[in-house]
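See below for the structure under consideration.
Rule-based calculations on the coordinates, nothing more; no lab input. In this text the structure is predicted, and so the values were computed from the model without any measurement. Positions of Cβ are backbone-derived with ideal geometry, glycine not excepted, and every protein chain shown enters the neighbour counts.
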Amino acid sequence: MSGVELRSLDGGENIEIPKEKCTIGRGTLLKVTDTRVSRNHATLEVNPEGKLILTPIHTNPCFYRKADGAGKQCTLPKDKPFTLQHGDKFGLLPEKLFFEVVYLDMRNGDAKDEETDEEGAMKIDLDAEKTSAKEEMEEENGKDEKQEDEETKEDKEMALPLDKKRKLPDWMVEGATAKKGPGPKTKGQLKSVFEHQILSKGNIDTVTVILTKGDNRRL
């Protein structure tokens, strides 16, 4: 097996290209019956690197379309070999009988790549779900801690210390002092007032007033 196939854009099964050089056109290999196509339209050959080489050999040309669809359809020059890549298309007529080149190793590689991409996408989705769940859990824990802190702070503000005395404002202290009046007189003060009252009656000419303890003065 050459590892290269042609897929007809008109439908049907893929056509396997032989290892040896072959001529294509109207005939059994490509199953072409249109008389506008020559029996010796072009040659196909798989080189040692496994690439398919197309060489137009008839005055009726071959037509080429790039795999990615970029650029317009072009006409291939006669007797000039042209290397076809995976997915490239060539035609025997301008508007029909086009065939797509399929490299089997590339096709399998594409399938593996697609499988790998799907596995990678699934892994990314799982990682994203784990990350999202972790973030939600951390956010909930943060909310609970914040709520506990606020409740503790509120409890502290509401609690009143039992051993702390309440300080009255100055105006209340001054009012209470004024209502009480002067404090009780000392013993010395009582003696001084008493003897002064006796003197004020005029019955005693001379009186001794005790001003302080052990201090006698004559008036």
- line: The answer for VAL32, listing residues at least 5 apart or on another chain whose modeled amide H is closer than 5 Å to its amide H, is GLY27
field: Distance between modelled label sites at LYS31 and MET1, nm, 7 Å Cα→Cβ extension
entry: 1.9 nm
message: Distance cut-off 18 Å, Cα to Cα: go down the list LYS21/LYS51; LYS31/LYS96; LYS21/LYS72; LYS72/LYS96; LYS51/LYS72 and report the pairs above it.
response: LYS21/LYS72; LYS51/LYS72
